[in-house]
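Following: one structure in structure tokens, then a few remarks.
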Amino acid sequence: MSKHAEIPLQSSRTNRQDALLSVDKLAFDRAGEMLFSNVAFDVDAGQVLQIHGPNGSGKTTLLRVLAGLLRPSAGVVRWRGQDTHAHPEAWRQSLAFLGHLNGISDDLTAAENLSFSAVLGEVSEERVEVQEQVLKSVGLDRYQHAIVRGLSQGQKRRLAISRLLLEHKPLWLLDEPAAALDDESSAVLERCIEGHLERGGIVLMTTHKSINTSPAVTRNLYFEPSGRCSD
């Protein structure tokens, strides 16, 4: 049986085109199998959307579609009221995507990884100078000259998160960011997310592990085993 995720059309909290991020009737099929369809939600500055659901229900695929790594079968994604398909460059410059892999080199030091990321992201020289402060914010200031291969999995994840802080993108797309994190690293992640929201950023993240965010700024989207998707 094919998986088919769908948001009820009568959902009253979706398809607000004046929202900073608006997703309308998004669909994706793989090799003729519809993974999800009619997905719609909106998120404003300072809000987080937590995406829940079992493995294989379409959560990661949704993030990859939003990141521009996969092309949707139907639907529209609007950023600041503009169709992201029509303005792909502005869209890419507005988001940072952190997937299951950390996207860092084991053969470089923590500081060298940030320097490399800064060059790729065209971060200004002024921001490169605050790399030590960024590493301190995730508890890695003592490890800035350590080869990443020797760091723990939680420390590597924190280094990946520090790249988000350095780039200052308004939209974060995070795929299971707390996976395999210990309590200390989870607390660091939560502080970083809270700070990003306080600065007017947006976070969309898939999660199996509970991540504490303020109910006042939290939206939830559920991919359910029955094949429905609701908020």
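Brief remarks on what is shown
- Residues that are aliphatic (A, V, I, L, M), modelled with pLDDT of 85 or more and out of contact with any Asp or Glu (no Cβ under 8 Å at 6 or more places or on another chain), drawn from segment 111-141: 114, 134, 138, 140
- Extreme residue, nearest to the chain's Cα centre (by Cα), among residues of segment 126-172 that are farther than 17 Å from residue 185 by Cα and of a type in the set (Asp, Glu): 167
- Total residues in segment 160-188, condition in a helix (DSSP H, G or I) and within 16 Å of residue 97 (Cβ to Cβ): 8
- The set of residues in segment 21-76 that are among the small types (Gly, Ala, Ser), closer than 25 Å to residue 199 by Cα and not in a strand (DSSP E or B) comprises 45, 46, 67, 68.
- Scanning segment 47-92 for residues that are aromatic (Phe, Trp, Tyr) and in contact (Cβ under 8 Å) with a residue 24 or more places away in the chain turns up just one, 79.
- Residues satisfying the stated conditions in segment 1-53, i.e. β-branched (Val, Ile, Thr), under 23 Å from residue 208 (Cβ atoms) and at pLDDT below 85: 7
- Counting residues in segment 192-210 that are surrounded by 16 or more Cβ atoms within 10 Å (Cβ to Cβ) and in a loop (DSSP other than H, G, I, E, B) gives one or more.
- Restricting attention to segment 195-223, the residues that are modelled with pLDDT of 90 or more and more than 20 Å from residue 97 (Cβ to Cβ) add up to 7.
- One residue from 154, 200, 195 being out of contact with any strand residue (DSSP E or B) (no Cβ under 6 Å at 6 or more places or on another chain) and in contact (Cβ under 8 Å) with a residue 60 or more places away in the chain: 200
- Candidate set: segment 54-85, residues that are farther than 14 Å from residue 23 by Cβ and modelled with pLDDT under 90; chosen: the one surrounded by the fewest Cβ atoms within 10 Å (Cβ to Cβ): 55
- The number of residues in segment 97-110 being among the hydrophobic types (A, V, I, L, M, F, W, C), closer than 29 Å to residue 209 by Cα and modelled with pLDDT of 90 or more comes to 4.
The values are calculated or read from the model by the stated rules, or taken from the named source; none is laboratory data. Everything quoted here is computed from the prediction, not taken from an experiment. Note that we place each Cβ from the backbone using ideal geometry, even for glycine, and neighbour counts take in every protein chain shown.
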